[in-house]
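Nothing in this text is a laboratory measurement; each read-out follows from the coordinates by a stated rule. What you see is a predicted model; the values in this text were computed from it and never measured. Methodologically, a virtual Cβ is constructed for each residue, glycine included, from the backbone with ideal geometry; neighbour enumeration extends over all protein chains shown.
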Amino acid sequence: MDLSAYAEHAVRLVNTEQPARGEDLLRSPDDVPALIAPVRRIPSRVTDGDVARLRSVRTRLRAVFTAAAAGREADAVATLNGLLAEFPVHPRLTGHDASPWHLHLAGDAVGAAEGFAAIAGMGLAVQLATHGIDRLGVCRALPCRNVFLDLSANRSRRHCSDRCTSRANVALYRARRRAREPQPDRHT
Ligand SMILES: [Zn+2]
Ligand SMILES: [Zn+2]
């Protein structure tokens, strides 16, 4: 089991909020099942408290990415360590449904939000420790502020998606063309 793969869930949580587009995909208990389904069983009851907790975790996970991308490593690590302490994993070997023994990081006794936060936080911490803090990125194709994990061989990724890469390329092309155009004569 590759724990660092769980870092993707931290990315998914942060990117439920897209301030530039005025979009927020995490506003009510109805929004929670889609978020946590890839990670754990959906509990029968999801409350406003779960939403509030997940939104608070989201803010702090974004702070981890922002600090890491800005080279403020100590800040990034301190924030992530805070999350790990607040939402500890509860590892448990299980073998349900005839599947081989495998680890669950948060048992059913842990609340929906807490369990998701524990798994996403642990994934991001393992990712950071295994592959380096410079793998945590924030999209540079403004106004997009999505976060991403740079898994490229040469650590050259700058954008959250192909869409943002082509948007940034178009913007760069236009800026260069503007720079080449003759400037209007300001003396007349
Ligand atoms: Zn399982
Ligand atoms: Zn982007």
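Using the Stokes-Einstein relation with a Kirkwood hydrodynamic radius computed over Cα pairs, the translational diffusion coefficient of the chain at 4 °C and a viscosity of 1.567 mPa s comes to 71 µm²/s.
Across the chain, the relative contact order, built from alpha-carbon pairs under 8 Å that are at least six residues apart, equals 25 percent. Residue by residue, region 78-92 carries 3J(HN,Hα) couplings of 5, 5, 5, 4, x, 5, 4, 6, 6, 10, x, 7, 10, x, 8 Hz when phi is fed to the Karplus relation 6.51 cos²θ - 1.76 cosθ + 1.60 (θ = phi - 60°); x denotes Gly or Pro.
In a DSSP loop and with at most 14 other Cβ atoms within 10 Å, the chymotrypsin sites (Phe, Trp or Tyr not before Pro) in region 79-171 are Trp101.
Nearest 10 degrees, 0 to 90: what angle lies between the long axis of helix 162-180 and the longest principal axis of the chain (Cα atoms)? Tilt of helix 162-180: around 20 degrees. Rounded to the nearest whole Hz, the Karplus-based 3J(HN,Hα) values (6.51 cos²θ - 1.76 cosθ + 1.60, θ = phi - 60°) of region 148-158 follow the sequence 7, 9, 8, 9, 5, 4, 9, 6, 10, 5, 10, with x at glycine and proline.
Sequentially through region 39-53, phi angles give Karplus couplings (6.51, -1.76, 1.60; θ = phi - 60°) of 10, 7, 4, 6, x, 5, 10, 10, 10, 4, x, 4, 4, 4, 5 Hz, Gly and Pro residues having no value and appearing as x.
Near the amide H of Gly107, within less than 5 Å, lie the amide hydrogens of His90, all on another chain or at least 5 residues away, with H placed in the peptide plane.
Between Arg174 and Glu23, take the C-beta separation as r, use R0 = 35 Å, and let me know the FRET efficiency to the nearest 0.05.
Working: r = 25 Å, r/R0 = 0.73.
Efficiency at R0 = 35 Å is approximately 0.85.
Counting every pair of alpha carbons in region 16-59, the share spaced more than 11 Å apart comes to 67 percent. Just how far, in whole angstrom, is region 113-142 from region 1-42 if you go by their alpha carbon centroids? The distance from the Cα centre of region 1-42 to that of region 113-142 comes to 13 Å. The stretch between Ala70 and Ser56, if pulled fully straight at 0.36 nm per residue, gains 2.9 nm over its current Cα-Cα span. For region 45-150, trypsin sites (Lys or Arg not before Pro) are listed when DSSP marks them as loop and at most 11 other Cβ atoms sit within 10 Å of their Cβ; the list is Arg45.
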